[in-house]
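Working notes, beginning with the structure itself.
The values are calculated or read from the model by the stated rules, or taken from the named source; none is laboratory data. Quick caveat: nothing in here was measured; it's all calculated off a predicted structure. Virtual Cβ from ideal backbone geometry, glycine too; neighbours counted across all protein chains shown. Protein only, heavy atoms only, side chains kept; ligands, DNA and RNA dropped before computing areas. Shrake-Rupley method; radii C 1.70, N 1.55, O 1.52, S 1.80 Å.
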Amino acid sequence: MTAMFLLIGILLRLFTATTGLGVNYGMTADNLPAPSVVANFLKTQTIFDSVKLFDANPDVLRAFANTGISVSVTIGNGDIPGLTNTVTARRWVEQHISPFHPQTKIKYVCVGTEVLFSKNNDWISNLVPAMRSLHYALVKAGLQDIKVTSAHALNIFRRETIPSLMRFMVGYDQSFFAPILQFHQRTKSPFMVNPYPYFSPDLPKKLNYALFKPNRGVYDKYTRKTYTNMFDEILDSTYSAMKALGYGNVEIAIGETGWPTHGDASTPFATIENAISYNGHVVKEIVSGKGTPLMPNRRFETYMFALFNENQKPGPLVEKYWGMINPDLTPIYNVGVLRNEQSTPTPTPTPTTPAPSGKNFCVPKVGASKAQLQSNLDYACGQGIDCRPIQPGGACYEPNTLRSHAAFAMNSYYRTKGQSIFSCDFAGTGQITTHEPSYGNCRYL
């Protein structure tokens, strides 16, 4: 597999000018290098030709001046209603775009993020009017080369089983998506989606399909196309839904896609091995320009998620670990996005499924409270098991979370007590799983 990703690196260097391969640059962290350092790194050490920001940070925009790297900025969801006013939209452009462009090559203004997913009717109903106002403001400012779009989560479809039958959600197809697609068609801007196979509700049953590994595939009897991976299926589902509304000629851009490298016992599929498999194959597919079964020979502008891990991000632990590059600008893993990878490849582990046959583990149930987790941790460690690995400096100390430490202690107790069902009860807060929770140097016995 290492050889395959080295080939990707060579191809990327041959086609960098046309790949349209970008990366999301999030900054919810306290350990990241300065924006100017990041900009120089992306320009000189990677094949990324564009970045997508989650705001319009002026320090970052200044840092990317004269780098040749395209930059997309994002407007927060809460600002959408106010930007329906053309005066407000023109003022926003004057303050956030005009001072920086064209020295900084701003390409897209992304209005909101996954607005439909928010279920906020004020944001949803005002999205298209805000997009129109901002487009008008950019044209009036002489910046018609900057396009307006908005990234959508994959909760936008009806629940269908094959791509050719996929349609947008009832109630939103004509009232929401038709006007958006009409706007994109008129302004020659892309419809942006965030395909994340990692979040598929079918992931436990279709892990190989999500990771581009050998699988039975999905056959679409109406198009006679066979899908071997979930990424292609999502893109062709998007195309089918757009085409059904009469907008199959609108370009599709991928605003975010990626795979996390780390989590806790409740997120067993978040591993470096799986991230290498998914992200490596996505990069290869985008660079090759082979397209999808319904859109052959088509190259999609794609923004990988994400450049860095973000240690200050709220929510579950896994939300912090989507990065591809460490804060010291060394790779977390290699999938062909660094310019020097052909000479200094990182050994690429063979992806494995997190469910080894015939082996069980004891982990906390998802709904276990902090008090219950602490009680389980105290009890297990008080029964003579070796809890040194979850103490400072131990192989399993990081991530330093109560759930992760409790999971390790509960499993160790379960193992020493003969792996009986009762030894994983923990007052109803433990559960037995076949998913391998080990990670990095932390090995669950």
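Structural remarks
- Eigenvalues of the alpha-carbon gyration tensor of the range 130-246, scaled by 5 and square-rooted, set the equivalent ellipsoid semi-axes at 32, 15, 12 angstrom, largest first.
- Counting only DSSP H runs of at least 4 residues, each contributing -39500 (n - 2.57), and dividing by the residue count of the chain, the helix-based mean residue ellipticity at 222 nm comes to -10000 deg cm²/dmol.
- Loop-located trypsin sites (Lys or Arg not before Pro) in the range 36-124 (DSSP state not H, G, I, E or B) with no more than 15 neighbouring Cβ atoms inside 10 Å: LYS119.
- The chain - accessible surface per residue (Å², probe 1.4 Å): 43 Å²
- If you count Lys pairs in the range 199-335 whose Cα atoms are under 23 Å apart, skipping same-chain pairs closer than 8 places in sequence, the total is 16.
- Three-way shape call for the range 361-445 based on the alpha-carbon gyration tensor, with the a/c threshold at 1.5: rounded
- The separation of the range 291-336 from the range 134-175, counted between C-alpha centres, amounts to 22 Å.
- Neighbourhood net charge (13 Å Cβ-Cβ; Lys/Arg +1, Asp/Glu -1) for PRO35: 0
- Cα-based reach from LYS140 at 13 Å (exclusive), listing aspartates and glutamates while leaving out same-chain residues under 8 positions away: GLU94
- Per atom type, the chain shows carbon and sulfur on 52% of its accessible surface, probed at 1.4 Å.
- Computed 3J(HN,Hα) for the range 168-185, one whole-Hz value per residue from the Karplus formula 6.51 cos²θ - 1.76 cosθ + 1.60 where θ = phi - 60°, is 5, 4, 4, x, 10, 4, 8, 7, 10, 6, 4, x, 5, 5, 4, 4, 5, 5, glycine and proline marked x.
- Peptides 191-202, 138-149 ranked from most to least packed by the mean count of surrounding Cβ atoms within 10 Å: 191-202, 138-149.
- Cα gyration tensor shape of the range 180-267, rounded if a/c is under 1.5, else prolate or oblate by comparing a/b with b/c: oblate
- Cα gyration tensor, the range 265-347 - rounded (a/c under 1.5), prolate or oblate: oblate
- Principal-axis tilt of helix 272-288 within the chain, Cα atoms, nearest 10 degrees: 30 degrees
- Rounded to the nearest Hz, the phi-derived 3J(HN,Hα) couplings of the range 37-46 under the Karplus curve 6.51 cos²θ - 1.76 cosθ + 1.60 (θ = phi - 60°) are 5, 4, 4, 5, 4, 4, 5, 9, 10, 10, where x marks glycine and proline.
- Over the chain: Kirkwood hydrodynamic radius from C-alpha pairwise inverse distances, Å: 23.4 Å
- For peptides 405-415, 427-437, sequence by mean Cβ density within 10 Å, most packed first: 405-415, 427-437
- Acute angle (nearest 10 degrees) that the helix 230-244 long axis makes with the longest principal axis of the chain, alpha-carbon atoms: 40 degrees
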